[in-house]
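Each remark here refers to the structure printed beneath this line.
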């Protein structure tokens, strides 16, 4: 077995999902962007990198020596070009699809069906395993490995180093309550936002960024797709926050668990980072959405008319008894990730 992990384009958020598997299988991470390669070398110096330049989206020449491709999207899907790698190689290559987050996509959304084309699918825990059964995919998937929260295990393994790497993004005054605002990308019911004016798109963001109370400090991690699709609005958001030294935007930092370790409160909607935050058993606040997910049971969901009172609601929640929420957070975490698996167990499963 000669594996390689593949980062198909400028998707910084995928690095944090591939790096633990590269560490586990002692394999390189192939990317196509020099800037991405530099990020990997800085934040994950123990992971060897390969910088390859695709020709017409095809990376056959760079992949011929490998026989196992680890991929955070679907290996055979156009346009990334890996569909020709088996033909160009002198041997049969296998694929591992690893989820790039704890998805809460709707039952009628076509996504996990594509995993039926992969040789192996690596999932976190019972939640996604149940989805494959509900979608009647169990008999179609070639091999499913339930790996648990291997990303959290990887963080714990290198905690001292990662905690040091995240320090430049943090505030000097740690006595304030630190909130991480990490909204997700648009879901189907929000696609209409793309046809609305800038003020509509920015409305909720502006409530988060303005009038931040003195005892709070805010880290903002925008979804990479939002940054890509709405660059002008991102510029406006940063201008809006520029006057406040207690608001920090986190750009081009692939680390997730080291960042969450420094956070007191998660603020979002239904992003998979909210599931990651359950690992730390701390309060979660959710902004208005019509897309209800199990994660919302772990915290307080703010109604649309309550958004102007956002920080008052957060403060009230922090003063409340957290025991009922802790019980829910533990239950939802175990459903999402299951019990922790031995590090060597995952390596053995992926290697056979």
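The values are calculated or read from the model by the stated rules, or taken from the named source; none is laboratory data. Since the structure is predicted, the reported quantities are computational estimates derived from the model, not experimental observations. Cβ coordinates were reconstructed from backbone atoms using ideal geometry, including for glycine residues, and neighbour counts include every protein chain displayed.
Under the condition of being at pLDDT 90 or above and part of a helix (DSSP H, G or I), the residues counted in the stretch 128-156 number 7.
A quick yes/no check of all residues on (1) in contact with a strand residue (DSSP E or B) (Cβ under 9 Å, 6 or more places away or on another chain); (2) not in a strand (DSSP E or B):
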site: 1; (1), (2): yes, yes
site: 5; (1), (2): yes, no
site: 8; (1), (2): yes, yes
site: 13; (1), (2): no, yes
site: 16; (1), (2): no, yes
site: 21; (1), (2): yes, yes
site: 27; (1), (2): yes, yes
site: 37; (1), (2): yes, yes
site: 41; (1), (2): yes, yes
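Among the numbered conditions (1) closer than 20 Å to residue 152 by Cα; (2) in a loop (DSSP other than H, G, I, E, B); (3) modelled with pLDDT under 95, the only one that residue 47 does not meet is (3). If you check residue 317 against the conditions, is it in a loop (DSSP other than H, G, I, E, B) and within 25 Å of residue 207 (Cα to Cα)? No: the conditions fail for residue 317.
Please determine whether any residue of the stretch 180-189 is part of a helix (DSSP H, G or I), at pLDDT below 90 and not assigned by TED's automatic domain parsing to the domain that holds residue 97. Yes, the conditions are met somewhere in the stretch 180-189.
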